[in-house]
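Take a look at the structure set out below.
FYI, it's all coordinate maths here, none of it is from the lab. Here the structure is a predicted model, which is why all the values come from computation and not from measurement. Cβ: placed from backbone, ideal geometry, glycine included. Neighbour counts: every protein chain shown.
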Amino acid sequence: MSKRYLYIETYGCQMNEYDSDRIRTALDMEATDDPQKADVVIINTCAIREKADQKALSSLGKFKHLKSRKPNVLVGVAGCVAQLYGDKLLDKVPHLDFVLGPRAIPRVSQLISQVENSRRRSIETSFDIEEVFEVEPYHEEGKVTGFVSIQQGCNKMCTYCIVPYVRGKEINRPIHHILREAKNLVRKGVKEITLIGQTVNSWKMDGYKFGDLLKMMADIEGLIRIRFTTSYPRDVTKKMIESIKGTREICHHIHLPVQSGSNSVLTTMKRTYTREWYIDTLNRLRDSIPDMAISTDIIIGFPAETEEDFDDTMKLLDEVQFDSAFSFKYSPRPGTPAAQLADQVPSHVATGRLAELQEFQREITSKKNLRRVGQIEEVLIEGESKNDRNWLSGRTTHNRIVNIPGTNDLRGKIIRASITEGFQNSLRGVLIENI
Ligand code: 5AD
């Protein structure tokens, strides 16, 4: 049988990129960037905010014409929007052939055969799928970095968040699975692995905790860097901090979403900590690992957020001096408790606050990046820079992007660079030595 082609479009988080790569292995088709050439088109969607959700759906509209010209092409929706709307999507979008929830990826091949054999549109959004971790993602040859999922779903019940509804309850991946996938990546030449999960540091299994897993990862021969994302503040344990401190391979960066600096907002969000507790956790981290880089996520305009609450968040940014922060305007999500709250903040108020906060954080990030000028940084070279083939791009342990002039033979190596310039999102430097 001749090779069939898969066109897949991915929206949202790192987990979705990973899932798209799993869909690619599960289907064993040739990937294409050209939908016109595809036999199967899949939109892997994100539901975290309304905008992401709409973007994915409007993208689906693009394939209406293709489907009417080539009725044998199968068009599917995967990911969190698929899970959220389920068969309503089939009602709403006549050119849609199948709907695949994020837990059901190992069943994608079955689902497609079913649609083809029965000539009927089909849906697979079951959470109860035993083989949930079975499919390893496609990995591009020569890539220096890779991802390994260690967890599916989420058990925290943050009132704004749709994740537990669309990705289900937390299930942790068995250690032997994680290590097997990580070793396979290293065999393919990967030097840095990021462990991913919704609350990655909540992982536990067979008496082992996240701190133990980090150490076991570091024992993998040939793996020189380990990252992990996203961490949940309440699960930053002493053991985890000790593992990071005591293990050379673990990068000195944590992404630790605070969401708000106001205790009353944190309570309504059900984040289960106060601003004081969060700051104390960062102090414990920084006391142990003084150069630990910290990034965060913030939601602006959560229901009932007052000027005073917003001010508390601004003060927290000032006090903590995050290395970087992603900030979002609150978006009510169907079925979440916060969407029912009476006191929704007017959109223009939230937009104004968000702009103010982003400007403030931009200054902090720039200032911190500028402070690296004149310093020596160890950089894992990931490859040629996207914009210029005479430049190489890599990252420091603190997750700062560094560009240096050089040739691709340094790819996969850790080098020392002297930093010459600092920008908003990256640093520039020159090669000092190869280590
Ligand atoms: N509205 C806005 N931002 C949200 N996030 C999660 N849910 C919402 C929502 N309903 C943000 C949080 C989270 C990040 C991935 O997305 O900051 O950490």
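Some values worked out for this structure:
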item: Set of aspartates and glutamates with alpha-carbon distance to Lys188 below 14 Å, sequence-local pairs under 8 removed; result: Glu136, Glu140, Glu141, Glu221
item: Other-chain or far-sequence residues with amide H under 5 Å of Arg395's (modelled H); result: Leu380, Glu382, Val402
item: Highest-fluctuation residue, Lys88, Lys143, Lys367 considered, GNM on the chain with Cα pairs under 10 Å; result: Lys88
item: Likely footprinting exposure, Ser262, Ser393, fewest C-beta neighbours within 10 Å first; result: Ser393, Ser262
item: 19 Å Cα-Cα reach of Lys209 towards aspartates and glutamates, excluding residues that sit fewer than 8 places from it in its own chain; result: Glu170, Glu181, Asp219, Asp235, Glu242, Glu249
item: Exposure proxy order (Cβ contacts within 10 Å, fewest to most) of His177, His255, His65; result: His65, His177, His255
item: Whole-Hz ³J(HN,Hα) from phi, Karplus 6.51 cos²θ - 1.76 cosθ + 1.60, for the stretch 161-174, glycine and proline x; result: 9, 8, 3, x, 7, 9, 10, x, 5, 5, 10, 9, 7, x
item: Full-extension gain in nm, Leu431 to Arg120, via 0.36 nm per residue minus C-alpha separation; result: 106.1 nm
item: GNM flexibility winner over the chain from Asn425, Asn172, Asn117 (Cα, springs under 10 Å); result: Asn117
item: Out-of-range pairs (alpha-carbon distance over 23 Å; input Lys62/Lys386; Lys143/Lys368; Lys37/Lys67); result: Lys62/Lys386; Lys143/Lys368
item: Amide H partners (placed H, <5 Å) of Ile300, local residues excluded; result: Phe328, Lys329, Tyr330
item: Fewest-first sequence of Thr237, Thr365 by Cβ atoms within 10 Å of each Cβ; result: Thr237, Thr365
item: Centre separation in Å (Cα based) which lies between the stretch 137-172 and the stretch 1-37; result: 18
item: Cα centroid of the stretch 264-303 to Cα centroid of the stretch 407-435, whole Å; result: 31
item: Highest-MSF residue in the chain out of Met217, Met292, Met205 [GNM, Cα springs under 10 Å]; result: Met205
item: Partnerless cysteines, meaning none of the other Cys C-beta atoms lie under 4.7 Å away, in the chain; result: Cys13, Cys46, Cys80, Cys154, Cys251
item: Nonlocal amide H pairs with Leu223, under 5 Å, H built at 1.01 Å; result: none
item: Vicinal HN-Hα couplings computed from phi for the stretch 425-435 (Karplus, 6.51 cos²θ - 1.76 cosθ + 1.60; Hz; Gly/Pro x); result: 10, 7, 10, 10, x, 10, 5, 9, 7, 8, 10
item: Sorted largest first, extent of the chain alpha carbons per principal axis (Å); result: 63, 58, 46
